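Q: Here it is, the structure, as C-alpha cells.
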Amino acid sequence: MLAYVTRRLWQTIPTLLGVVLLVFFLFTWVGGDPAYLLAGKISNPEQIENIRRQLGVDRPYYVQLWIFIQQIATGDFGESWATNERVSAIFATRLGPSLTVLVPLLAVDTLLAIAAAMLVAYVRGSLTDRMVMISCTVGQSISILVYIIVFQYVLAYQLGWFPVQGWGKGFAENLLKYSILPIIVGVIVSVAPDTRLYRTFFLDEINQDYVRTARAKGMSEARVMWVHVLRNASIPIITNVMIQLPGLLAGAFLIERFFSIPGIGREVILAVERSDFPVIKAVTIYVAIATMIINLIADLLYRVADPRVQLK
Amino acid sequence: MLSALTQPAVSHAADMSKTLRVTFQVAETGFDPTRTSDYYSGMVIEAIYDRLLTYDYLARPSKLVPLAAESLPLITDNGKTYTFKIKKGIYFTPDPAFKGKRRELTAEDYAYSIKRFFDPRNRSPYAFLFEGKIVGLDELGARARKAGRFDYDAKVPGLEVPDRYTLRIHLKEIDYGLSHILAFDLSGAVAREVIELYGEDTSAHPVGSGPYRLKHYARSSKIILEANPGYREKIWDFQPGDDPLDKEIAAQMKGKRLPAIGNVEISIMEETQSRWLAFEKGETDLEYQLWDVATTFMTADGKLKPAFLKRGIKLNRTVDPEITYTYFNMLEKIGDQPNPVGGYSLERIALRRAIAMAYKTGERIRILRKGQAVRAEHPIPPGIAGYDPNYVNSIPYDPKTANALLDRFGYKKGADGYRRMPDGKPLVIRFSSTERDRPYDELMQRSLDSIAIRLEIHKDRFPELLKLERRCRIMMRNAAWIADYPDGDNFMQLLYGPNTQQSNNACYQSPEFDKLYEKSKTLPDGPERNKLYWAMARRMEADTAWIMNDSRVRNMLMQPRVIGYKRHPALHQEWMYLDLDSSAGK
C-alpha cells in the first residue's frame, strides 16, 4: 500500500509540471496584458512599461516560469495585482464561506441521491420509479439560475423563511441562517442528475448473480440492498463524489454571487474580470493538486469498499 | 490610560445607534487613494480622508468650498501658484502608526500624498491628475523610475511647504482645474507613518481625518464605517437653491452636527435581484443600481408607482455626470492597413456622418438602457462646468439623409446589396467589443444595415481592447467617460490631439480643436470658456470623430427613514450629509 501511494505521489510531479506549463503559457499568451487594465483611465506608454516592470511581466518567459514554479513550491503566490491582498490571505478568508455551503451541500446531496436511487432501483418500472425519473429529468433540465431566482424570490422574499442574502461573522450563524437556502438550491440542482446516475449503478448490481444467490439463501431484502448492493455500487458512487470534491475549491460562483457569500468562487470570477493572474494561477494550481490527491484517495477508498480491488 | 489621554476630547456628534445600509454592485479594490481607481473604493475613500476642498452640498452647478483648507486657495502668479492654508486642529484617527500620540493633519501630509502618485511602486492609475502640472514633480518621478526608488525627502520646487499649515503649489502652466483635482476623492491626505508601517497592505488600512473611519472590513463582502469620534465640528448649514427639494432638506437638516449617522454598512451585492429584494425587504436604505428592474417601481414618465409612494419610498432622479460615445479611429491607416473610416477628406467625413446619422440612439436608450438614460448632445454631460443645456447636437438620427449622403459621395451599392468604397473596393466596418456587449453589437448591426454598410464584429477581451485602443488599432468602439471632477476639461481632453495613445481613443487630430482646447485651459469656468467648448463640440461634430450616445439616469431609491438626500454630481457619496428619521414609515 505504502509503495503504491509513494509511486502515485511521484507520478503527480510530471502531471503537475504539465499543468504548470499549460497554465503558464495559457496566461502568458492568451491572457492578455494586465498592464493596460491596471493603468487606469489615462496612461502613457511609459506608465504601461512601469507597471509591466512592477508586475514582472516584462521579464523573459523562462524567468517568469521559474518564478511561477518557485511560487508553487513555496505556496506563496504573492499579492493580488488588483487589490494587493496576499493570495494566501484570499484563500484563508474565502475558502471557509465556500466550504460552509458546499460541504453540507455535497453531503446532503450524496445521501439523498443514494437513498432515492436505491429506492427507485428497487422498485424499477413502478409508478414511483417513473415519477421520480420524470421529476429528475425535468429538474435537471432547468438552469441553476432559475432555481436561484425563484427560490430567492419565493422562499426568502415572499415567505420570509430565509434571509434574501448576506453573511454573518460566526460559523453557526452562517451555517444555520445564511447557508440553508443556498444549500437547498444546490441540493435541488445536483440531486436530480445524481439520483439518475446512482440508479443505474444500483440497477447494474441488483441484476447480478450474487444478489439472486443472497435472496435464494433467505437473506432479508434490507440486508441485500444495504449491505451487498450498496457496497458493490459504492465504487462508482465514490468516483462521482470524488470528482466533485476539487470543485469545492473553486466554489459555486453563481450561488455565492446571488446570496452574497464571500467565497472563493466569487473571488475567482472577480479575478478573471480584473485579469488578476496571481489569483487565477493559484486557484488553477490548487484545483489541479486537489484533483490529483483526491484521485489517489478515491483509489484507496475503492480498496476499502471492495477488498478484491488490487492496488498496483 | 495613555490612550484615554491621547484620544480627542470631542464626543461623538453622530448617533451611533443609527446605521445607514448601502450596497456596491462591484467589489472594492482597496482604500489607498494613490493605488486605487475604481468608483466604489473611491466612495469609501471620500468618507475617510480629508481633501483640501470639496463641494457645497446643495449648490448647482457644483461650487467648490474649503474642506481641510481654511478657505479657497489664493491663486496668484497669473493662475500658476495656488496657496492653501490648512485648518489647525484637524487630527487623523488614532492608529498604531502614531504610537499613541495625536497626529495633526499638516500641509506636509498633502505634499507627501501628491508625491505618492509619482512613486512607480504605487502604479497609480490616477497619476494623470497631476502629471505635467507641478514644477519638478514629473522629473522626480522620472528619476525614481530610473533609480527604482522614490525619494520622498527630495525637494520639489512646485510643492512648497513654508510652514506647518501652508501648502503652496507652483504649476508649470496656468491650470484652473487644479482646485477640482484637489477636491477629487483620491486627493485626500494620508499620513506618511501609516503608509510606511503598512507597506504593501495600505489598501486595507485607511487612516484619515474625514467624517468616517473603517470599523470592519471583510474584503469583497462587507465594509462597515463608523463616525470619526474626533471629527471637527461641522454643522449642516447649506443654502437651499430654487429646487423645492433643497428647502425640504434644509428644513430637515439645518443645524445638525455632521456626520449625523453613526455607522455606514456597505454590502457587496453583484446581482440586481439580490439588491432589489434586499431593498424591498428593508434590508438596505439607499439603492440606485437597479436599471434592469426600473419598470418594477417606476412609471414610464419617471415617477414612483403608487404602491411605493404609499409606503413612503422616495425617489431621486438625476443624470449621471458621464457620457457614452462611439468613436471612429481617425487615422488614415490602422497599422499598415487602410482605415475606411479614418482621415479628414470629405468622403470620409461623409461616411462617418452617415454612420452617426444611422445609429439608433433612441433604440439604445429605449431597449438597452430600458429608458434609463438621456441622449448626450454635448461632450460635456449635465452637472459639469461647461455643460450647455441649450446645445443640440448637429447630427440627428436620419437614416434617409444618411443614405443620400453616401450615394452622393460615391459609396454605391454592389451586387450583394452592400455599399462599396468610392473607388469600388469593398467597404467593411470593423466594430470592436467584448463578449458582454452583444446587445450593442446587434444595435450597431441594425444601424449599419439601414444604410447598407457591411459590419464585422471583432471580439476580444477587455485588456486586449485597451491595448489596441492605446495603439490606435481599433476602427470603431463604444466608450464611456465618468467625470473625475466636475469640470468640462475632464471631458474635452478626450479629444485633444496630444492625448492620442492616452485618453484620446479616436486618435483625433484637429489643429483647430487643439488650439481652442489650449485656449480653454487658460480660462476659468465662465461664458468665455463655454463659448470655446461650444466651438470645440461643433468642430468635433463637423469632423464626426464621435457618435454621441447617452448619459445614464440615476434613480436613487430611499427608504422612508432616509432624510437629507440629494445626489451631488461631483461627490461620490453623500453619507455624511444624511440622517435617519427613526419615526418615518411607522
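The values are calculated or read from the model by the stated rules, or taken from the named source; none is laboratory data. What you see is a predicted model, and the numbers here were worked out from it, not measured in a lab. Backbone-built Cβ (ideal geometry, glycine too); neighbour counts: all protein chains shown.
Q: Among the listed residues B:546, B:534, which satisfies the condition of being in contact with a strand residue (DSSP E or B) (Cβ under 6 Å, 6 or more places away or on another chain) and either closer than 28 Å to residue B:77 by Cβ or away from chain A (no Cβ under 14 Å) (or both)? Outline the logic, then answer.
A: Numbers: B:534 fails: in contact with a strand residue (DSSP E or B) (Cβ under 6 Å, 6 or more places away or on another chain).
One residue alone meets the criteria, B:546.
Conditions (1) under 30 Å from residue A:52 (Cβ atoms); (2) assigned to a strand (DSSP E or B), marked per residue:
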| position | (1), (2) |
| --- | --- |
| B:82 | no, yes |
| B:93 | no, no |
| B:97 | no, no |
| B:102 | no, no |
| B:109 | no, no |
| B:121 | yes, no |
| B:125 | yes, no |
| B:153 | yes, no |
| B:160 | no, yes |
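Q: Follow-up. Sort through B:493, B:501 and tell me the only one that's surrounded by fewer than 23 Cβ atoms within 10 Å (Cβ to Cβ), polar (S, T, N, Q), within 13 Å of chain A (Cβ to nearest Cβ) and in contact with a Phe, Trp or Tyr (Cβ under 8 Å, 6 or more places away or on another chain). Step through it out loud before you land on a result.
A: Working: B:501 fails: in contact with a Phe, Trp or Tyr (Cβ under 8 Å, 6 or more places away or on another chain).
Only one candidate passes the filter, namely B:493.
Q: Another question, if that's okay. Looking at residue B:121, is it within 14 Å of chain A (Cβ to nearest Cβ) and touching a helix residue (DSSP H, G or I) at 6+ places or on another chain (Cβ under 8 Å)?
A: So residue B:121 passes the test.
Q: Residues of segment B:268-281 being in a loop (DSSP other than H, G, I, E, B), touching a Phe, Trp or Tyr at 6+ places or on another chain (Cβ under 7 Å) and either among the β-branched types (Val, Ile, Thr) or within 23 Å of residue B:217 (Cβ to Cβ) (or both), which ones? Steps first, please.
A: So in segment B:268-281, the residues in a loop (DSSP other than H, G, I, E, B) come out as B:269-271, B:281.
Those left that are additionally touching a Phe, Trp or Tyr at 6+ places or on another chain (Cβ under 7 Å): B:271, B:281.
Within segment B:268-281, B:271 is the sole residue that qualifies.
Q: With surrounded by fewer than 19 Cβ atoms within 10 Å (Cβ to Cβ), under 20 Å from the mean Cα position of the chain (by Cα) and not in a loop (DSSP other than H, G, I, E, B) as the only criterion, which of A:107, A:3, A:73 stands out?
A: On the way: A:3 fails: under 20 Å from the mean Cα position of the chain (by Cα); A:73 fails: under 20 Å from the mean Cα position of the chain (by Cα).
A:107 is the lone residue from the list that is surrounded by fewer than 19 Cβ atoms within 10 Å (Cβ to Cβ), under 20 Å from the mean Cα position of the chain (by Cα) and not in a loop (DSSP other than H, G, I, E, B).
Q: Return only the number of the condition from (1) more than 24 Å from residue B:26 (Cβ to Cβ); (2) within 12 Å of chain B (Cβ to nearest Cβ) that residue A:58 does not satisfy.
A: (2)
Q: May I pose another question? Among residues belonging to segment A:160-207 that are basic (Lys, Arg) and within 14 Å of chain B (Cβ to nearest Cβ), point out the one that is surrounded by the most Cβ atoms within 10 Å (Cβ to Cβ).
A: Looking only at segment A:160-207, we keep the residues that are basic (Lys, Arg), and these are A:169, A:177, A:196, A:199.
Within this subset, residues satisfying the condition of being within 14 Å of chain B (Cβ to nearest Cβ) are A:169, A:177.
On the way: A:169: 9, A:177: 15.
Among those that are basic (Lys, Arg) and within 14 Å of chain B (Cβ to nearest Cβ), it is A:177.
Q: Every residue in segment B:222-267 that is of a type in the set (Gly, Ala, Ser), assigned to a loop (DSSP other than H, G, I, E, B) and either surrounded by 22 or more Cβ atoms within 10 Å (Cβ to Cβ) or touching a helix residue (DSSP H, G or I) at 6+ places or on another chain (Cβ under 6 Å) (or both), please. Explain how you work it out, then say what you get.
A: Initial filter on segment B:222-267 (of a type in the set (Gly, Ala, Ser)): B:227, B:230, B:241, B:250-251, B:255, B:260, B:262, B:267.
Filter again for assigned to a loop (DSSP other than H, G, I, E, B), leaving B:230, B:241, B:255, B:260.
Within segment B:222-267, just B:260 meets the criteria.
Q: Which one of these is modelled with pLDDT of 95 or more and acidic (Asp, Glu): B:200, B:233, B:173, B:226?
A: B:226
Matching residues to (1) within 30 Å of residue B:60 (Cα to Cα); (2) of a type in the set (D, E, K, R); (3) touching a Gly at 6+ places or on another chain (Cβ under 8 Å):
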residue	(1), (2), (3)
B:184	yes, no, no
B:188	yes, no, yes
B:193	no, yes, no
B:198	no, no, no
B:203	no, no, yes
B:214	no, no, no
B:222	no, yes, no
B:231	yes, no, yes
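Let's see how each residue does on (1) more than 30 Å from residue B:254 (Cα to Cα); (2) in contact with a Gly (Cβ under 9 Å, 6 or more places away or on another chain):
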site: B:29; (1), (2): yes, no
site: B:46; (1), (2): no, yes
site: B:49; (1), (2): no, yes
site: B:64; (1), (2): no, no
site: B:76; (1), (2): yes, no
site: B:96; (1), (2): yes, no
site: B:107; (1), (2): yes, no
site: B:127; (1), (2): yes, yes
site: B:132; (1), (2): yes, no
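Q: Against the condition within 14 Å of another protein chain (Cβ to nearest Cβ) and either within 24 Å of residue A:22 (Cα to Cα) or touching a residue at least 12 places away in the same chain (Cβ under 8 Å) (or both), how does residue A:274 come out, does it pass? Can you show your working first?
A: Working: within 14 Å of another protein chain (Cβ to nearest Cβ): yes; either within 24 Å of residue A:22 (Cα to Cα) or touching a residue at least 12 places away in the same chain (Cβ under 8 Å) (or both): yes.
Yes.
Q: Do you know which residues across segment B:25-43 are more than 11 Å from every other protein chain (Cβ to nearest Cβ), outside any loop (DSSP other than H, G, I, E, B) and touching a helix residue (DSSP H, G or I) at 6+ places or on another chain (Cβ under 9 Å)?
A: Selection gives B:42, B:43.
Q: Quick check: is even one residue across segment A:9-16 more than 30 Å from the chain's Cα centre (by Cα) and surrounded by 15 or more Cβ atoms within 10 Å (Cβ to Cβ)?
A: Keep residues of segment A:9-16 that are more than 30 Å from the chain's Cα centre (by Cα), which gives none.
No.
Q: Please determine, by comparing only the residues of segment B:188-223 that are more than 11 Å from chain A (Cβ to nearest Cβ) and of a type in the set (Val, Ile, Thr), which one is nearest to residue B:261 (Cα to Cα).
A: B:223
Q: Within segment B:531-560, can you find the residues that are in contact with a Gly (Cβ under 7 Å, 6 or more places away or on another chain) and surrounded by fewer than 19 Cβ atoms within 10 Å (Cβ to Cβ)?
A: Initially, segment B:531-560 is screened for residues in contact with a Gly (Cβ under 7 Å, 6 or more places away or on another chain), giving B:533, B:559-560.
B:560 - this is the single residue of segment B:531-560 that is in contact with a Gly (Cβ under 7 Å, 6 or more places away or on another chain) and surrounded by fewer than 19 Cβ atoms within 10 Å (Cβ to Cβ).
Okay, residues lined up against (1) in contact with a helix residue (DSSP H, G or I) (Cβ under 9 Å, 6 or more places away or on another chain); (2) assigned to a helix (DSSP H, G or I); (3) of a type in the set (A, V, I, L, M, F, W, C); (4) at pLDDT 95 or above:
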site	(1), (2), (3), (4)
A:165	yes, no, no, no
A:181	yes, yes, yes, yes
A:190	yes, yes, no, no
A:204	yes, yes, no, no
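Q: When you go through A:229, A:224, A:283, A:304 one by one, which is the residue that is at pLDDT below 85, in a helix (DSSP H, G or I) and more than 14 Å from chain B (Cβ to nearest Cβ)? So that I can check it myself, show each step before the final result.
A: Values: A:229 fails: at pLDDT below 85; A:224 fails: at pLDDT below 85; A:283 fails: at pLDDT below 85.
Checking each option against the conditions leaves just A:304.
Q: Turning to a different aspect of this structure: List every residue pair whose Cβ atoms lie under 7 Å apart, where the two residues are 6 or more positions apart in sequence or sit on different chains, the first residue falls within segment A:78-101 and is in contact (Cβ under 8 Å) with a residue 24 or more places away in the chain, and the second residue, located anywhere, is of a type in the set (Lys, Arg) and assigned to a strand (DSSP E or B).
A: If the second residue must be of a type in the set (Lys, Arg) and assigned to a strand (DSSP E or B), the pairs left are A:79/A:86.
Q: Between residues in segment A:22-43 that are within 12 Å of chain B (Cβ to nearest Cβ) and under 26 Å from residue B:505 (Cβ atoms) and residues that are in a loop (DSSP other than H, G, I, E, B) and of a type in the set (Gly, Ala, Ser), which pairs lie under 6 Å by C-beta distance while being six or more apart or on different chains?
A: The qualifying pairs are A:34/A:275; A:37/A:275; A:40/B:37; A:42/B:503.
Q: Anything in segment A:241-269 that is facing another protein chain (nearest Cβ under 8 Å) and surrounded by fewer than 24 Cβ atoms within 10 Å (Cβ to Cβ)? List them, or say none.
A: Passing the criteria: A:257, A:262.
Q: Here's another thing I want to ask about it. Give me the pairs, please: first residue somewhere in segment B:187-213 and without any contact (Cβ under 8 Å) to a residue 60 or more places away in the chain, second residue anywhere and assigned to a loop (DSSP other than H, G, I, E, B) and of a type outside the set (A, V, I, L, M, F, W, C), beta-carbon distance under 8 Å, and either six or more positions apart or on two chains.
A: B:200/A:84; B:201/A:84; B:201/A:85
Q: In addition: Just one of the numbered conditions (1) modelled with pLDDT of 95 or more; (2) within 14 Å of another protein chain (Cβ to nearest Cβ); (3) closer than 19 Å to residue B:39 by Cα is not true of residue B:284; which one?
A: Of the numbered conditions (1) modelled with pLDDT of 95 or more; (2) within 14 Å of another protein chain (Cβ to nearest Cβ); (3) closer than 19 Å to residue B:39 by Cα, the odd one out for residue B:284 is (3).
Q: Of the numbered conditions (1) surrounded by 23 or more Cβ atoms within 10 Å (Cβ to Cβ); (2) within 14 Å of chain A (Cβ to nearest Cβ); (3) of a type outside the set (S, T, N, Q), residue B:138 fails exactly one; give the number of that condition.
A: (1)
Q: Let me ask something else about it. Please work out which one of (1) buried (at least 20 other Cβ atoms within 10 Å of the Cβ); (2) farther than 17 Å from residue B:86 by Cα is the condition residue B:187 fails and give its number.
A: Condition (2) is where residue B:187 drops out.
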